[in-house]
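Novice: Sharing a structure, written as structure tokens. Questions coming.
The values are calculated or read from the model by the stated rules, or taken from the named source; none is laboratory data. All of these numbers come straight from a predicted model, not from anything done at the bench. Glycine gets a Cβ as well: all are built from the backbone with ideal geometry, and neighbour counts include every protein chain shown. Note: accessible area is taken over every heavy atom of the protein model, side chains too, but ligands, DNA and RNA are not part of it. Shrake-Rupley method; radii C 1.70, N 1.55, O 1.52, S 1.80 Å.
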Amino acid sequence: MATADDLKFQEFDDAANLLAANPDATTISIDEPVEIPKNQHSRLQEPGREEDDELLGTDDSDKTELLAGQKKSAPFWTFEYYQTFFDVDTYQVLDRIKGSVFPVPGKNFVRLYIRSNPDLYGPFWICATLVFTIAVSGNLSNFFIHLGKPTYHYVPEFRKVSIAATTIYAYAWLVPLALWGFLMWRNSKVMNIVSYSFLEIVCVYGYSLFIYIPTAILWIIPQKVVRWVLVVFSLCLSGSVLVMTFWPAVRDDNRRIAVATVATILLLHALLAVGCLVGHCPSFSLISCFLAQVAC
């Protein structure tokens, strides 16, 4: 029968003897966590790949697609289907507006602000606010210019609302649609092309228009030079958001096609800015009348 001393834990000297006989033997302690050398991680990373993932937003794309696939999407004819496009809080909208007004060089707007939860709430209300801002500031500017003239009789120009709404909403939806189709087509031709979703492109264009709201308010100042300076400043600021977002997606394509794509994006954006100023400024009466007749 075993005694109490036999059941106690005992210290073994075999390990010390074995280490003395073979000092180069490998030992493992359960108290110390296993650490992987840093140089092994660096060998697993391809050079320049981390930067590309950060710009293109492909680092967590597989996880995002996996989580998105687990969600059950409602039928498109139900209210719940469209409710998901407006499922965003105030802090997210303000953060995205701040990101569009103060773009960070080398950072992708979609990856930083949009990809986790793209929405239509911000772009819709930004476009609506811009429409009424241009219309109201245009009427006020016309009123202040002719103020004090005895022959002047103020008549509100409500047609500016319809002109501005048609132009801005057509730009905010049709241009992203064309760009999305182009990126999808190039994605089928070139494997390295990263294509954004249509909703993400709409978000980028919608939030990039926010800078024109305070600009349109300042267009009340009856100085053409000030107005053009404001337009150029807003165009450079919002255009930089578009360039930093879409250039990483097309830079692996043919050089001419990539440059032409970015140039077309900037050209259409410049046409919108100049068109808003031309429709706003009363001095361009011929163009304003032509746009008003086309809208009617």
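Novice: Rounding to the nearest 20 debye, state how big the charge dipole of the stretch 90-155 is about its Cα centre with +1 on each Lys and Arg Cβ and -1 on each Asp and Glu Cβ. Write down the numbers at each step before the final one.
Specialist: Working: 6 positive and 2 negative charges, 42 e Å.
Here the stretch 90-155 has a charge dipole of around 200 debye.
Novice: Find how much the distance from SER240 to SER116 grows on full extension, using 0.36 nm per residue of separation minus their present alpha carbon separation; answer in nm with one decimal. Present the calculation step by step, with values, prior to reporting the outcome.
Specialist: On the way: separation 124, 0.36 × 124 = 44.64 nm, distance 2.17 nm.
Stretched fully, the SER240-SER116 segment lengthens by 42.5 nm.
Novice: Below 8 Å, C-alpha to C-alpha, sequence gap of six or more: please give me the relative contact order for the stretch 95-217 in percent.
Specialist: This gives 45 percent for the stretch 95-217.
Novice: Put a dot 7 Å past each Cα toward the Cβ at ASP95 and PHE182; how far apart are the dots in nm?
Specialist: 3.1 nm
Novice: Order the following by accessible area, largest value first: VAL229, VAL278. Probe radius 1.4 Å; ligands, DNA and RNA are ignored.
Specialist: On the way: VAL229 90, VAL278 20 Å².
Highest to lowest solvent-accessible surface, that is VAL229, VAL278.
Novice: Further, regarding this structure: Provide the solvent-accessible area of ASP87, counting protein heavy atoms only and rolling a 1.4 Å probe, rounded to the nearest 10 Å².
Specialist: Rounded to the nearest 10, the figure is 100 Å².
Novice: A further question on this structure: With contacts defined as alpha carbon pairs under 8 Å and 6 or more residues apart, what's the relative contact order of the stretch 88-295 in percent?
Specialist: 30 percent
Novice: With a 1.4 Å probe and all protein chains in place, put GLU157, GLU200 in order of accessible area, largest first. Each step should come with its number before you reach the end.
Specialist: Working: GLU157 70, GLU200 15 Å².
Solvent-accessible surface, decreasing: GLU157, GLU200.
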